[in-house]
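What follows is one structure encoded as structure tokens, with my remarks underneath.
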Number of protein chains: 2
Amino acid sequence: MGANPSAALGVSTEADARIPADHPGVLDLFAVLAYGEISAFYRLAEEAKLSPTLRGKVAVAKMAAAEMEHFETLEQALRSRGVDVFDAMAPFVRALDAYHASTDPSTWLESMVKFYVGDGIAADFYNVLADALAPEVGTVVHDVLAETSHSEFVVEEVRRTVAESRSERDRLTLWGRRLLGEAITQAQYVMAQRDELTELVLIATGDLNGIAALFERMQASHAERMRVLGLG
Amino acid sequence: MGANPSAALGVSTEADARIPADHPGVLDLFAVLAYGEISAFYRLAEEAKLSPTLRGKVAVAKMAAAEMEHFETLEQALRSRGVDVFDAMAPFVRALDAYHASTDPSTWLESMVKFYVGDGIAADFYNVLADALAPEVGTVVHDVLAETSHSEFVVEEVRRTVAESRSERDRLTLWGRRLLGEAITQAQYVMAQRDELTELVLIATGDLNGIAALFERMQASHAERMRVLGLG
């Protein structure tokens, strides 16, 4: 997953870790991220077919391969804690599959916007948790969310197209709004299902007001990403 | 691409390099390998859908990601020689696409056999060229053909199934034979199109008799791989 302007969220740093490395929610966090990487891999490989050029297909294949490297990092992190990644991922399959089913791109540009914006939203959310974790586990999360240079490819493709077409810009702006809505819906669904993950979020954000504030900051960060793409 | 028992071919070693690093056929060789990696990536990602389990899907995704690492090695090798990988790959798109179109698997097991056997055939062929190349370029070729541990997954899946089903074994044996035939057809087509690549093959094998002997050794090596899978 590639992150975007997460720095804009102004979240806390690793220095004030409030969640011990052996908190059971950490396993859930690794697992939901791992299934996210697998989902993203297959989504990218599938949507690359929409690319009009071989260059585009190759750029997307590289992004997909990067997701698998991240998956292997998480698989290893779970294994070193005695946990099988497939068992751990099972509870998250439904919510992540539902997110992808409800945001199935119909064009190459929708696919690119989803990649950039969707991963940005996920990175904003998970980085806040990572900041609150003991450094030895927080680092794993930050690493798999680290921005890759591949996403620059997306920014250039989208900016060029929407600069030339007002209707494309309007359509993709609505698409970006829908992605944010669906992502937040599924994040809330996951938290409602997994008490230990919810506890991580509560510790990381302080309290229920903190969660609300986090979602507000995520919206601001999303708006900034849309501007980077020339949208909104 | 993952190789199999290439050692069985009894080919020459890097010590007797007969092809200089700046032979123009080297660029063709890097390019056809690069397009092979891209094709394999998308084929694997597509065929993973046939997997009955998430474990199978993930194993295939890892293989696909390894193909992209190899692609990046070749892209870099071409770039360092001032060649754009996309321009260089263009002459090989048709033959490789034709190979994949003529050997489109209809089941998960056919897909796994194609991965193992097809890559083995390719590795046998290209490793013979690599052995004849100056070491600094031969190494690049050997590296991208190096066997990965992922293919062990294929061997186990196929062996287990064919041990239980005679009809499956017969069907996959025919499938393996067809893969060899189509691969040799396309290899001959590529050589007929690209004089400089043909020259590499002639230098590496000695003469036309040497090419015939190479294809015979490839058939023996193919038969050995089929036995490893419990087929033939």
**OP:** Select from region A:173-201 the residues that are surrounded by 16 or more Cβ atoms within 10 Å (Cβ to Cβ) and small (Gly, Ala, Ser) and write down the one among them that is nearest to A:ALA90 (Cα to Cα).
**Re:** A:ALA187
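Please find, among A:VAL93, A:VAL162, A:VAL83, A:VAL155, the residue that is touching a residue at least 60 places away in the same chain (Cβ under 8 Å) and out of contact with any Asp or Glu (no Cβ under 9 Å at 6 or more places or on another chain). Show your work before the answer.
Working: A:VAL93 fails: touching a residue at least 60 places away in the same chain (Cβ under 8 Å); A:VAL162 fails: out of contact with any Asp or Glu (no Cβ under 9 Å at 6 or more places or on another chain); A:VAL83 fails: touching a residue at least 60 places away in the same chain (Cβ under 8 Å).
Exactly one residue qualifies, and that residue is A:VAL155.
Take the conditions farther than 21 Å from A:ARG169 by Cβ and surrounded by 18 or more Cβ atoms within 10 Å (Cβ to Cβ) and apply them to A:LEU96. Does it pass?
Numbers: farther than 21 Å from A:ARG169 by Cβ: yes; surrounded by 18 or more Cβ atoms within 10 Å (Cβ to Cβ): yes.
For A:LEU96, the condition - farther than 21 Å from A:ARG169 by Cβ and surrounded by 18 or more Cβ atoms within 10 Å (Cβ to Cβ) - is met.
Those residues that are among the β-branched types (Val, Ile, Thr) and in a loop (DSSP other than H, G, I, E, B), I need them from region B:187-203; list them, please. Let's see the steps before the verdict.
As a first pass, look at region B:187-203 and keep what is among the β-branched types (Val, Ile, Thr): B:190, B:198, B:201, B:203.
Those that are among the β-branched types (Val, Ile, Thr) and in a loop (DSSP other than H, G, I, E, B): none in region B:187-203.
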Original post:
Restricting attention to region A:5-22, does a residue exist that is buried (at least 23 other Cβ atoms within 10 Å of the Cβ) and either touching a Cys at 6+ places or on another chain (Cβ under 9 Å) or modelled with pLDDT of 90 or more (or both)?
Top reply: no
Original post:
Just checking, which of A:ASP170, A:ASP143, A:ASP124, A:ASP131 is in contact with an Asp or Glu (Cβ under 8 Å, 6 or more places away or on another chain) and either assigned to a helix (DSSP H, G or I) or not small (Gly, Ala, Ser) (or both)?
Top reply: A:ASP131
Subject >> Selection within region A:44-88 - of a type in the set (D, E, K, R), at pLDDT below 95 and farther than 17 Å from A:GLU157 by Cβ >> reply: A:GLU46, A:GLU67, A:GLU69
Subject >> Filtered residue count, region A:185-232, keeping only those that are within 23 Å of A:TRP175 (Cα to Cα), hydroxyl-bearing (Ser, Thr, Tyr) and modelled with pLDDT of 90 or more >> reply: 1
**OP:** Sort out which residues of region B:204-232 are closer than 22 Å to B:LEU29 by Cα and either among the β-branched types (Val, Ile, Thr) or not in a helix (DSSP H, G or I) (or both), and write them in order of number.
**Re:** B:THR205, B:GLY206, B:ASP207, B:ILE211
Subject >> Scope region A:146-167; condition surrounded by 16 or more Cβ atoms within 10 Å (Cβ to Cβ) and in a helix (DSSP H, G or I); matching residues >> reply: A:SER151, A:PHE153, A:VAL154, A:VAL155, A:GLU157, A:VAL158, A:THR161, A:VAL162
Subject >> Qualifying position, being under 16 Å from the mean Cα position of the chain (by Cα) and surrounded by fewer than 18 Cβ atoms within 10 Å (Cβ to Cβ), among A:ASP170, A:ASP143 >> reply: A:ASP143
Subject >> Single condition A:GLY138 does not satisfy, out of (1) at pLDDT 90 or above; (2) more than 18 Å from A:ALA34 (Cα to Cα) >> reply: (2)
Subject >> region B:32-50 residues that are over 11 Å from B:HIS100 (Cα atoms), paired with ones that are surrounded by 22 or more Cβ atoms within 10 Å (Cβ to Cβ) and among the basic types (Lys, Arg) (beta carbon under 9 Å, 6 or more apart) >> reply: B:GLU47/B:LYS114
Subject >> Hits in region A:68-87 - residues which are more than 12 Å from chain B (Cβ to nearest Cβ), part of a helix (DSSP H, G or I) and surrounded by 14 or more Cβ atoms within 10 Å (Cβ to Cβ) >> reply: A:THR73, A:ALA77, A:LEU78
Original post:
Among the residues of region B:23-67 satisfying the criterion of being touching a Leu at 6+ places or on another chain (Cβ under 7 Å) and of a type in the set (Phe, Trp, Tyr), which is nearest to the other protein chains (Cβ to nearest Cβ)?
Top reply: B:TYR35
Original post:
For region B:28-43, does any single residue satisfy the condition of being touching a strand residue (DSSP E or B) at 6+ places or on another chain (Cβ under 7 Å) and either part of a helix (DSSP H, G or I) or at pLDDT 90 or above (or both)?
Top reply: no
Original post:
Within region B:79-92, which residues are under 20 Å from A:THR53 (Cα atoms) and more than 15 Å from the chain's Cα centre (by Cα)?
Top reply: B:ARG79, B:VAL83, B:ASP84, B:VAL85, B:PHE86, B:ASP87, B:ALA88, B:MET89, B:ALA90, B:PRO91
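The values are calculated or read from the model by the stated rules, or taken from the named source; none is laboratory data. These numbers come from a predicted model, not from an experiment. When we count neighbours, we look across all protein chains shown, and the Cβ atoms used for this are built from the backbone with ideal geometry, even at glycine.
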